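The values are calculated or read from the model by the stated rules, or taken from the named source; none is laboratory data. A quick note: this is a predicted structure, and the numbers were derived from the prediction, not measured. Cβ: placed from backbone, ideal geometry, glycine included. Neighbour counts: every protein chain shown.
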Amino acid sequence: MISPRFSKIASWVYLAALYGFIFLPVAVLVLFSFQDGRLPVPPFNGVTLKWYGEVFADSRLMSALGNSLMVAIGSSLVACVLGFCAAYGLARYILPASRLQRGLLVAPMTVSYLIIALGLLSTFNWLGVSLSLWTVGIGHVVINLPLCFAIIYASMGDHQKNIERAARDLGAAEWQVMTQISAPMLMPSILAAFFLSVTFSWDEFIIAFLLSRFDVTLPVEIWSMLRSGLNPKTNAVGSVVFLVSVALLLILELIVFRRTAKK
Amino acid sequence: MASVTLETRENRRAWGFVTPALLWTVAFFVIPFLVMAAISLATRKGRDIVMTFNLDNYITFFEKAHLLKGLFVSLEITFTVTIISVILAYPLAWIIAERVPQKWQRMALIMAILPFWTSYVVRSYSWLLVLAKNGVINNALLHIGLIAEPLELASTRTATVIGFVHFFVMLLTLTIYANLVQMPPNYRRAAADLGANGFQVFWHVILPLTLPGIMVGAFLTFVLCIGDYITPQILGGNNELALPQVIMLQLGRRADFPMAATLSIILMVVVTLAYIACARWLKMERT
Amino acid sequence: MTAPVSIRNATKTFGDFTALDDVSLEIAVGEFIVLLGPSGCGKTTLLSLLGGFLSPTRGVIEIAGRDMGDVPPSKRPTTTMFQDYALFPHMTLRDNVAFGLKMRKVGKTERHAKAEELLDMVGLKASATKKPHELSGGQRQRVALARALAVEPDVLLLDEPLGALDLKLRRQMQDELKAIQKRVGTTFVHVTHDQEEAMAIADRIVVMNEGKIEDVGRPEDIYMRPRTLFSASFMGEVNFFPGTIDALTDDAIHIHTALGAVKLPASVMADQNATAAQKITLAIRPEHFRASTGTGPRITLGKAKVEDGAFFGTHHRAHLSPADYPDMIITAHMPQSAIIEPGAWIDLTLDPASVVILPGHPAAKVQEDAA
């Protein structure tokens, strides 16, 4: 038998090692974003904010950032609305082939983004649709709709069904039930779906890469920066993206999960 | 009859809710997929696509070693990554769930997945900083005198695997942790009460109960890993190409759209097979 | 507001399953009706038909003389109080109670005033700005009642509203419910499987089983003079003595059971069209084996030996085996002062008026249901 004390020490050592592994690249990324020199590798020459200055002065990067936010928020809104309506219909009514419908709605989740991107690219080429941020947005709704649908559908329990019945019983029309009862009641999961979808879309590369042309999103712009090799400016933009994502995560944690936990 | 009118009216309204999402999925997922499937049966003539409706591309795939190799490279990488990630993530999830005090668990979990939220492209790039010839690891090893010459760490399969494992350890820790904490502690107590030792409790009770979480995570790992272009492209370089790299190569330099479509369909078939293998653990349920 | 309800030949089938089988019932204005029965008896289905959540496969439902055939729940003069209360979790109590009025486009000031008046009635005025998750079970139940009554329905439908409460709170809420019903005068249709609850609150009880109405009447009638074996066994403990009619005269009925022959007044017969040689069952409540000490008319079923006994506070509960038929076990409730010792012999003496003669013999199943 292993002694409890040894296993306890081993646990903490393992924990530290794994955290080290998980944080190593991020730490290196952020550290060398302050590198006073041309290369983001050791030795560390001292601290400068010049690379951040370059990032914020780079109009291409800044417009890519704006594009990313636009596409992420827009496509997540569409995905959430479509997903909520579908979840409402499927959880609250008896429809023929509802299993098949659910299967169809979540199917894109099991398919690689590359395949979704290629399919859309083939179709847009065939139809002569020119590529733009709109086509990227369409692609992002395709990948986020299953996610939004699944999250919201999973949160629609039978208890809430009775609450909706009660609202109908008290005279609420269907749209009133949806907007005044179901949506507010399910707001934690709708927000969770929305923010998750924003972070997915915001970070998505392959669809954005294949379905855009002149205006590109941030990951695609960063990708083109990589061609120039290792560069502290890439570190700086990567650190900014990390900070924005963590801020989003914090919002999600504070607003959504706190509220859920309270109930 | 009254029953017919009331209940069919409800049904019609339900279709109104579901139809937009269904239409979107059909228009931008099912139809594109069918278009791509059709194109995989076409032939490239110069820069044009000629609809020949034959299986030439599929036959070519099995005949041309460099194409077929892409699939094997991808499969090898994916299995290696999935297995290593599960092995590394399970103890981490376990320690967070069991050893870390209750009130710090949420924090510990958030910390464990925080780098998840760096940009995907940037994350691979960060590993390049660590693994490059003049990167952090080589520098450290040279500094302490363990090696005399810098190691070739970047642009290898090892680099690709490290990059992937980093990402999926976080993902799997999350799914396995979720499974561990929702397991009622009484199962374990009951097993221990009936005379099982620590290992037996783990093997007969905890592992089977957490298997669904492992399978969900492993399946996600498989799907995301085998279809990923970024990580092998940035970290693996061009020495050996994974299937997504081969696909992108067809699209770019060779401009062979039909072959890219063919390879995508093959990728899709592989993922579907994986799904069938894991299907019984992946049931979607309403809480 | 209040209204009568008329249910005529209502049938509801789900595929092959008949949940409600040709049920007819007239409910008077302002009546407190309790639908009582085991789960699956059709009581909740009947309530859903009244509320409009289901529509009948056949039959007619009228409220205030108006056919409800094609009227959705939101347009019916009914409101439902749900078993799990179904309070809106994201709204304050005031907004919960005012919701129905808001849907009816009642102005904010007016509906808030009305909501507070109702919250006051259920004793929760001080909590108007709280949210449902801050309340206890009993308090939530009161809010649900206030919310359902706020729109002044003609008929209030209560779907096992007390089911989730503990026993003590349930008894207390029964009294409140009854008092509030008397005050507002609304017709209440209340579903439960608890016969004590039914007796405590109902003006009339409707006993249901397997989609049909078994018995309808005031609580004391259903308990003392049930009309079917099911009704007798569901309303509380009862002893069944299967037997046969030997002869009928104008004022008496001669019966024999395993315990011998007895003569009873004709008035205890539930089925007035009975004939000689018909199979019947004597139904006797455990507390009726006490007549040996009293005066007035009495009959005897012979002697019985005490098998065991336990003190229940209000009475001794004893198991007896009759001398003439030792295989049978009779449950009897004896007075507090009685001395119950295993092995002792007791006279099975009864007031003949307390006996009920029911048609038919109990099937094994009926006795299991009663157990």
>> Let me spell it out: the conditions are (1) out of contact with any strand residue (DSSP E or B) (no Cβ under 9 Å at 6 or more places or on another chain); (2) more than 9 Å from every other protein chain (Cβ to nearest Cβ), and residue C:102 meets all of them except one. Which number is the exception?
In response: (2)
> Within the stretch B:185-242, can you find the residues that are within 30 Å of residue B:155 (Cα to Cα), crowded, with 22+ Cβ neighbours inside 10 Å and of a type in the set (S, T, N, Q)?
Replying inline: B:221, B:231
>> What pairs come out if I take residues in the stretch A:42-60 that are modelled with pLDDT of 85 or more and pair them with residues that are in a loop (DSSP other than H, G, I, E, B) whose C-beta lies under 8 Å away, six or more apart or interchain?
In response: A:51/A:33; A:51/A:34; A:52/A:33
>> I'm trying to understand the selection: among the residues of the stretch A:201-240, which are within 24 Å of residue A:145 (Cβ to Cβ) and assigned to a helix (DSSP H, G or I)?
In response: A:201, A:202, A:203, A:206, A:207, A:208, A:209, A:210, A:218, A:219, A:220
> What helices (runs of 4 or more DSSP H) lie completely within the stretch B:159-251 and have 1 or more residues being of a type in the set (D, E, K, R)?
Replying inline: B:185-193
> Taking residue A:108, is it within 11 Å of chain B (Cβ to nearest Cβ) and modelled with pLDDT under 85?
Replying inline: no
> Here are some residues: A:193, A:183. Which one is small (Gly, Ala, Ser), more than 7 Å from chain C (Cβ to nearest Cβ), assigned to a helix (DSSP H, G or I) and within 18 Å of the chain's Cα centre (by Cα)?
Replying inline: A:193
>> Yes or no: the stretch A:30-38 includes at least one residue that is in a helix (DSSP H, G or I) and among the small types (Gly, Ala, Ser).
In response: no
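Table: residues versus (1) more than 7 Å from every other protein chain (Cβ to nearest Cβ); (2) not in a helix (DSSP H, G or I).
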{"site": "A:118", "(1), (2)": "no, no"}
{"site": "A:122", "(1), (2)": "no, no"}
{"site": "A:126", "(1), (2)": "no, no"}
{"site": "A:131", "(1), (2)": "yes, yes"}
{"site": "A:134", "(1), (2)": "yes, no"}
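Restricting to the stretch A:141-150, and then to whatever is buried (at least 22 other Cβ atoms within 10 Å of the Cβ) and not β-branched (Val, Ile, Thr), can you tell me which residue is farthest from the chain's Cα centre (by Cα)? Even if it seems obvious, please write down each step before you answer.
Here is the first cut: in the stretch A:141-150, the ones buried (at least 22 other Cβ atoms within 10 Å of the Cβ) are A:141-146, A:148-149.
Filter once more, keeping what is not β-branched (Val, Ile, Thr): A:144-146, A:148-149.
Details: A:144: 8, A:145: 12, A:146: 13, A:148: 11, A:149: 14 Å.
Out of the qualifying residues, it is A:149.
What helices (runs of 4 or more DSSP H) completely inside the stretch B:1-116 contain at least 1 residues that are more than 30 Å from residue A:11 (Cβ to Cβ), more than 8 Å from every other protein chain (Cβ to nearest Cβ) and among the acidic types (Asp, Glu)? Working first, answer last.
Values: elements: B:2-25, B:31-39, B:56-63, B:65-98, B:102-113.
Here the list reads B:56-63, B:65-98.
Taking the stretch A:62-90 on its own, how many of its residues are facing chain B (nearest Cβ under 7 Å) and of a type in the set (A, V, I, L, M, F, W, C)?
At the first step, the residues of the stretch A:62-90 found to be facing chain B (nearest Cβ under 7 Å) are A:82-83, A:85-86, A:88-90.
Then drop every residue that is not of a type in the set (A, V, I, L, M, F, W, C), which leaves A:82, A:85-86, A:90.
Of the residues in the stretch A:62-90, 4 are facing chain B (nearest Cβ under 7 Å) and of a type in the set (A, V, I, L, M, F, W, C).
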> When residues of the stretch A:125-155 are filtered for being touching a residue at least 60 places away in the same chain (Cβ under 8 Å) and more than 16 Å from residue A:82 (Cβ to Cβ), how many remain?
Replying inline: 6
> Just checking, which of C:52, C:40, C:15, C:59 is at pLDDT below 90 and within 26 Å of residue C:230 (Cα to Cα)?
Replying inline: C:40
> Looking at the stretch C:177-240, what helices (runs of 4 or more DSSP H) fall wholly within it and have at least 3 residues that are in contact with a Leu (Cβ under 9 Å, 6 or more places away or on another chain) and more than 16 Å from residue C:357 (Cβ to Cβ)?
Replying inline: C:195-201
> If you check C:71, C:97, C:60, which single one turns out to be within 13 Å of chain A (Cβ to nearest Cβ) and touching a residue at least 40 places away in the same chain (Cβ under 8 Å)?
Replying inline: C:97
> Out of the stretch C:197-223, which residues are under 27 Å from residue C:169 (Cα atoms) and among the aliphatic types (A, V, I, L, M)?
Replying inline: C:198, C:199, C:200, C:201, C:202, C:205, C:206, C:207, C:208, C:222
> Just one of C:245, C:280 is β-branched (Val, Ile, Thr), crowded, with 17+ Cβ neighbours inside 10 Å and over 27 Å from the mean Cα position of the chain (by Cα); which is it?
Replying inline: C:245
> Filter the stretch A:151-177 for residues that are among the aliphatic types (A, V, I, L, M), crowded, with 19+ Cβ neighbours inside 10 Å and within 26 Å of the chain's Cα centre (by Cα); which is nearest to the other protein chains (Cβ to nearest Cβ)?
Replying inline: A:156
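Restricted to the stretch A:94-129, and to residues that are of a type outside the set (A, V, I, L, M, F, W, C) and farther than 20 Å from residue B:260 by Cβ, which residue is surrounded by the most Cβ atoms within 10 Å (Cβ to Cβ)?
Filtering the stretch A:94-129 for residues of a type outside the set (A, V, I, L, M, F, W, C) gives A:96, A:98-99, A:101-103, A:108, A:110, A:112-113, A:119, A:122-123, A:125, A:128.
The next check asks that each one be farther than 20 Å from residue B:260 by Cβ; those that pass are A:96, A:98-99, A:101-103, A:110.
Values: A:96: 8, A:98: 15, A:99: 9, A:101: 19, A:102: 22, A:103: 12, A:110: 17.
Only one residue tops the list, namely A:102.
Could you please find all residues in the stretch A:136-150 being more than 7 Å from chain B (Cβ to nearest Cβ) and small (Gly, Ala, Ser)?
At the first step, the residues of the stretch A:136-150 found to be more than 7 Å from chain B (Cβ to nearest Cβ) are A:136-137, A:139-140, A:143-144, A:146-148.
Matches in the stretch A:136-150: A:137, A:139.
Every residue, every condition in (1) at pLDDT 80 or above; (2) within 14 Å of chain A (Cβ to nearest Cβ); (3) closer than 19 Å to residue B:280 by Cα, yes or no:
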{"site": "B:188", "(1), (2), (3)": "no, no, no"}
{"site": "B:191", "(1), (2), (3)": "no, no, no"}
{"site": "B:194", "(1), (2), (3)": "no, no, no"}
{"site": "B:197", "(1), (2), (3)": "no, yes, no"}
{"site": "B:208", "(1), (2), (3)": "yes, no, yes"}
{"site": "B:218", "(1), (2), (3)": "yes, yes, yes"}
>> Whether any residue in the stretch C:77-91 is aliphatic (A, V, I, L, M), away from chain A (no Cβ under 14 Å) and in contact with a strand residue (DSSP E or B) (Cβ under 8 Å, 6 or more places away or on another chain) is what I want to check.
In response: no
> Does any residue in the stretch B:140-151 that is in a loop (DSSP other than H, G, I, E, B) come within less than 9 Å, Cβ to Cβ, of a residue that is among the basic types (Lys, Arg) and surrounded by 10 or more Cβ atoms within 10 Å (Cβ to Cβ) six or more places away or on a different chain, and which pairs are these?
Replying inline: B:150/B:133; B:151/B:133
> Quick one: is residue A:255 within 22 Å of residue A:66 (Cβ to Cβ) and surrounded by fewer than 20 Cβ atoms within 10 Å (Cβ to Cβ)?
Replying inline: no
>> Filter the stretch B:116-139 down to the residues that are touching a residue at least 12 places away in the same chain (Cβ under 8 Å), under 20 Å from residue B:172 (Cα atoms) and of a type in the set (Ser, Thr, Tyr) and list them by number.
In response: B:120, B:124
>> Within the stretch B:238-268, take every residue that is of a type in the set (Gly, Ala, Ser) and more than 20 Å from the chain's Cα centre (by Cα) and give me the one that is nearest to residue B:133 (Cα to Cα).
In response: B:252
